[in-house]
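Undergrad: The structure is given below, and queries will be raised subsequently.
The values are calculated or read from the model by the stated rules, or taken from the named source; none is laboratory data. For clarity, every value in this text was computed on a predicted model and none was experimentally measured. For neighbour counting, all protein chains shown are included, and Cβ atoms are generated from backbone atoms with ideal geometry for every residue, glycine included. Areas reflect the complete protein model, heavy atoms only, side chains present, ligands, DNA and RNA absent. Shrake-Rupley method; radii C 1.70, N 1.55, O 1.52, S 1.80 Å.
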Amino acid sequence: MWKRGFFVTAASATTFALVWSCSSSSSPTGAGTDGGEGVDATASDGGFVRPLDSGPVGMVDAGVTDSGSDAGLRTVTGAYVDTFEQDDLTKSMKPRAAPAGETLAVLVPAGTGYTTIPVMLAAASGTFSASNVPLGHYFLVLTNAGLPFFQDCVADTLSLGAFRPGRADLTFVTQSTPITFNITGLDPWVKGSVLDIVSSQGGVNLRPFNVGGVTQPAANATSASPIVDWQTSEFGQWPAGLPVAAKNDVVYVSTGTRTTVGAAPASGILRYITQYAKLTDLTVTDGVANAESVPLVAAAQTGSAAINVHYTQFAALTTAVNPNATPSALSIAIFAQPYGNGFPYLPGIGSARLLDLGVDVSSGTAFADAGAPDGGVPFADYDYGALAYGQFLDARYKEYTSLNFSFKVSFTAAGATPSAQVARLASSRASVTATAFAPLISPPKAPRVNGLDAFAAQAGVTTTPNVTWTAPVVGAATSYSIEIIKVENVGGATVLTPVADAYVYAPTTSFRVPAGVLVNGATYFAVVTANAAPWDLIDLSAGFGTPLDTADVVTNTFAP
């Protein structure tokens, strides 16, 4: 789980990328010559420690600023502001309204709990402020559709919004918009192959066979006319943008083939791009059906990825994820991201999928692709050799590699059938040259709830338990994500429902659950994710990018 601090859910259930920008002119209360706060990060009250002198290069501790009504207090202000980048690399900042239904608050750690400070939000302008906030750390709480997200921050000024490809005047789909793609020149179609539609400046990332419910062409077909709904086929975190030919928006349509690679038990499914079309005349109007000719040409197979998977190292971390975890699947993919593949770019928005390898490592559970072989758990290192893929995009696209090794942890509500929580070890790199794929960070160690072993079921932990852990053995975490998930019986099935997300920065290794999240009589568990990225700093204007490594630990159940 990557931090929800970068993803704010709007009332339409569309997830928006959130750029977290913090600036501060105040130092923590009680800061000594070492710049620290003098609070034990492992204490039962979940206190914070982060020396200012460990912040990003160029940050200056300007001393205490008294911007509040009393000494040691300040006013925290902020606004929702989106940053767009288009094909000529021009960046534009655009204020926007707060997401519909979103509420904000500030929580300040106080003893074994928190003090709540209201936030005045002008929803239409997207500006907000909170008065009399003590110096030092606080949580900004963003709540939408009942799900609170607690973001650790120290800044006086916050910027909530998105950093994404697209024109500043880009508009987005709001209703069903069916576009018929009349595809010609198609290589004989292989069932299970891919169809992707992307536009950098037009803000598009459609995968109609994956999420749009579009029927694939018949086997061996050399032409097809899939009807792609612009509203339902978007794979990214935003609604699809509406490209306009007159604004020089370029849309790429790419297709690929599907084949089996590797030997059992490490055999898997490989998909890679073989054909594409570059469309410069496509205009999509919200709610208006249209048709577009898509004459495919061959994509030069100039890309090459040498993939050697160290399965043994992933397998060795299974019980560190959870004593009852079982390996599930390996996925390695190469994407091309508009304009950049490092911080602050957000992989996924407008990105093209060039290659992906999926391997079932579940020992009896079919891989997500129904046609994939089920060879059981490999747990022996395997070299897939150099895998070729098509390269067809212009130079503004930058490639990056993404790896996910997933596990499943089963939970069962009383009287219900079981359900599985997915946990991951993941890495992204702005390179496709690495030949060895292995875990680069391990899960947080020794999870506990109110000091009790969280790998064992616990009861009576109160509605405000303190969740603690220790740093990973492999890798150095820069922050931790915490997700609290409710386990309940719904119609005889176990349903796992997130009830809160939080994000804290290293070296903090605890999070006390605020009041109002847990209720008596319910059962929960937590997923704590170690994140490691050089750009993942509390006072740095945030975005997303490579490098990034994450690892999950999943607790057993606990109940108030």
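Undergrad: Which one is farthest from VAL499 (Cα to Cα), of the residues in segment 91-145 that are free of Cβ contacts under 8 Å to residues at least 12 places away in the same chain and open to solvent by 60 Å² or more (accessible area, probe 1.4 Å)?
TA: LYS91
Undergrad: Which of (1) in contact (Cβ under 8 Å) with a residue 40 or more places away in the chain; (2) more than 29 Å from the chain's Cα centre (by Cα) is the odd one out, the single condition ASN220 does not satisfy?
TA: Evaluating ASN220 over (1) in contact (Cβ under 8 Å) with a residue 40 or more places away in the chain; (2) more than 29 Å from the chain's Cα centre (by Cα) leaves (1) as the failure.
Undergrad: Taking segment 103-125, which residues are at pLDDT 95 or above and within 30 Å of ASP249 (Cβ to Cβ)?
TA: Scanning segment 103-125 gives no hits.
Undergrad: Does segment 156-173 hold any residues that are open to solvent by 40 Å² or more (accessible area, probe 1.4 Å) and under 23 Å from the mean Cα position of the chain (by Cα), and which are they?
TA: Scanning segment 156-173 gives a single hit, PHE172.
Undergrad: Taking segment 386-422 on its own, how many of its residues are touching a Gly at 6+ places or on another chain (Cβ under 7 Å), surrounded by fewer than 18 Cβ atoms within 10 Å (Cβ to Cβ) and assigned to a strand (DSSP E or B)?
TA: Residues in segment 386-422 being touching a Gly at 6+ places or on another chain (Cβ under 7 Å), surrounded by fewer than 18 Cβ atoms within 10 Å (Cβ to Cβ) and assigned to a strand (DSSP E or B): 2 in total.
Undergrad: Please enumerate the residues belonging to segment 500-516 that are buried (at least 18 other Cβ atoms within 10 Å of the Cβ) and farther than 26 Å from ALA533 by Cβ.
TA: The answer is PRO514, and nothing else.
Undergrad: Being under 28 Å from ARG396 (Cα atoms), crowded, with 20+ Cβ neighbours inside 10 Å and modelled with pLDDT of 95 or more is true for just one of TRP238, TRP230. Which residue is that?
TA: Being under 28 Å from ARG396 (Cα atoms), crowded, with 20+ Cβ neighbours inside 10 Å and modelled with pLDDT of 95 or more holds for just one of TRP238, TRP230, which is TRP230.
Undergrad: Residues in segment 244-252: is at least one open to solvent by 20 Å² or more (accessible area, probe 1.4 Å), more than 19 Å from THR177 (Cα to Cα), in contact with a Lys or Arg (Cβ under 6 Å, 6 or more places away or on another chain) and in a loop (DSSP other than H, G, I, E, B)?
TA: no
Undergrad: Pull up segment 257-287, narrow it to residues that are hydroxyl-bearing (Ser, Thr, Tyr) and without any contact (Cβ under 8 Å) to a residue 60 or more places away in the chain, then point me to the one that is surrounded by the fewest Cβ atoms within 10 Å (Cβ to Cβ).
TA: THR280
Undergrad: Kindly indicate which of THR259, THR285, THR215 is polar (S, T, N, Q), more than 19 Å from ALA395 (Cα to Cα) and assigned to a strand (DSSP E or B).
TA: THR259
Undergrad: Looking only at segment 94-133, how many residues end up being under 28 Å from PHE84 (Cβ atoms) and of a type in the set (S, T, N, Q)?
TA: Residues in segment 94-133 being under 28 Å from PHE84 (Cβ atoms) and of a type in the set (S, T, N, Q): 4 in total.
Undergrad: Let me ask something else about it. Among the residues of segment 513-560, count how many are of a type in the set (Val, Ile, Thr), part of a strand (DSSP E or B) and farther than 30 Å from PRO338 by Cα.
TA: 5
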